[in-house]
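Peer 1: Take a look at this one; I'll ask things after.
Read-outs: derived from the displayed coordinates by stated rules, not from any lab. These numbers were taken from a predicted model, which means no experiment stands behind them. Cβ placement follows ideal geometry from the backbone for every residue including glycine, while neighbour counts extend to all protein chains displayed.
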Amino acid sequence: MIRNVAGSVLALAGATAAVWSPFRAWYDGRHGRDYAIDELFTGITDAKGELLGSMLAPFLFAALLTLLGVVLRSRLLVAFAGIVVLGFTVLWMVRVGQAEGSLTIGGDGTGLGDGVANAFGGGILLLLGALVMSGRSRPPHHVDRAPRPTHPTLDGPPPDGPYPPEEPRAHPQAAAPYATTQPYDVPVRDDAPVRDDVPAWDPEQERGRGDPPPQR
C-alpha cells in the first residue's frame, strides 16, 4: 500500500513536469509549444505550430496514461508513459541537432532551456514511479471445504480435530494380508512297503500317561 502511494506521487509529479515543459523555453528561448509534432519526422523549421499539434500533444497523452496507471495501479502503463516522454524528448533533440548542427547549453538563455530539463525529469520520475509501485495485489487462493458441524449429529458429537477428518495413511512397509492356505493331496503309492516296526497310535495309551481315566 505504501509503495503504491509513493509510486503514484512520483508518477503524478513526473506527468505534471512533462505537461508543463512545453510552456518553457526549449532551445534559444523558443518554447516547446512552438515546435509542431510533425516536424519531429520531417525536420525542424521556424514555423510556429498549433498548441494541440505541438510537443504538448504526446505529453498530454503520457499524462492520460499516467492517470490510468495510477487508478488501475498498473506499473506497465506508468512505465509506458515515461518511455513516451523520454522518447519524444530524445527525438526532438536529434532533430534540433540536425537542424542547428550541434546542441549547446548557455547560461544567457541560448542553447538548451529548462523545458528540456523538465521533460527529461518528468520521464525519469515516471519510470521511478513505475519501479516503486507494487502493482495490484492478487487475492489469496482459498480451498473450498465442507462446513464443520457445530451441533451433535446422528453419528455423534462434532469432532474436536480438523474437519474433515484425515484418513489414516497406510505405512509404506506394511505387509500384505496372509493368503489363505490351500490343502494339498499327497498321493500314496500302493506298492509302498509297510513298516511293522512303527507302533500304531493307541488313544488308551496316551490317556494313561497323565490323564485320569474317563468316568463311566
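Peer 1: Under 17 Å from a point 7 Å along the Cα-to-Cβ line of residue 90: which residues of the range 109-134 have their amide N that close?
Peer 2: Under 17 Å, as judged by backbone N against the label point of residue 90, lie 116-128 of the range 109-134.
Peer 1: I need the phi-derived Karplus couplings for the range 91-99: 6.51 cos²θ - 1.76 cosθ + 1.60, θ = phi - 60°, integer Hz, Gly and Pro marked x.
Peer 2: 4, 5, 4, 5, 5, 5, x, 5, 6
Peer 1: Would you mind checking which residues have amide H under 5 Å from residue 49's amide H? H placed 1.01 Å from N; only 5 or more apart, or other chain.
Peer 2: Amide H neighbours of residue 49: 35, 36.
Peer 1: 7 Å from Cα along Cα→Cβ at both residue 83 and residue 124: what's the point-to-point distance in nm?
Peer 2: That separation, rounded to one decimal, is 2.0 nm.
Peer 1: Net charge near residue 129: determine it from the other residues with C-beta under 13 Å of the C-beta of residue 129, scoring Lys and Arg +1 and Asp and Glu -1.
Peer 2: +3
Peer 1: What distance in nm separates the two pseudo spin-label positions at residue 134 and residue 23, each 7 Å out from Cα along the beta-carbon direction?
Peer 2: 3.6 nm
Peer 1: So, one more: Could you run the Karplus curve 6.51 cos²θ - 1.76 cosθ + 1.60 with θ = phi - 60° over the range 57-72 and give me ³J(HN,Hα) per residue in whole Hz, x for Gly and Pro?
Peer 2: For the range 57-72, the Karplus-derived couplings read 4, x, 6, 5, 4, 5, 5, 5, 4, 5, 4, 5, x, 5, 5, 7 Hz, x marking Gly and Pro.
Peer 1: Order these peptides, 61-67, 19-25, 117-123, by their mean beta-carbon neighbour count within 10 angstrom, highest first.
Peer 2: Put in order of decreasing packing, that is 117-123, 61-67, 19-25.
Peer 1: Quick one: Karplus J couplings for the range 79-85, per residue in order, coefficients 6.51, -1.76, 1.60, θ = phi - 60°, nearest Hz, x for Gly and Pro?
Peer 2: Calculated HN-Hα couplings, in order: 5, 5, 5, x, 5, 5, 5 Hz.
Peer 1: From the P(r) of the range 1-67, could you give the percentage of C-alpha pairs in the tail past 14 Å?
Peer 2: In whole percent, the long-distance tail amounts to 61.
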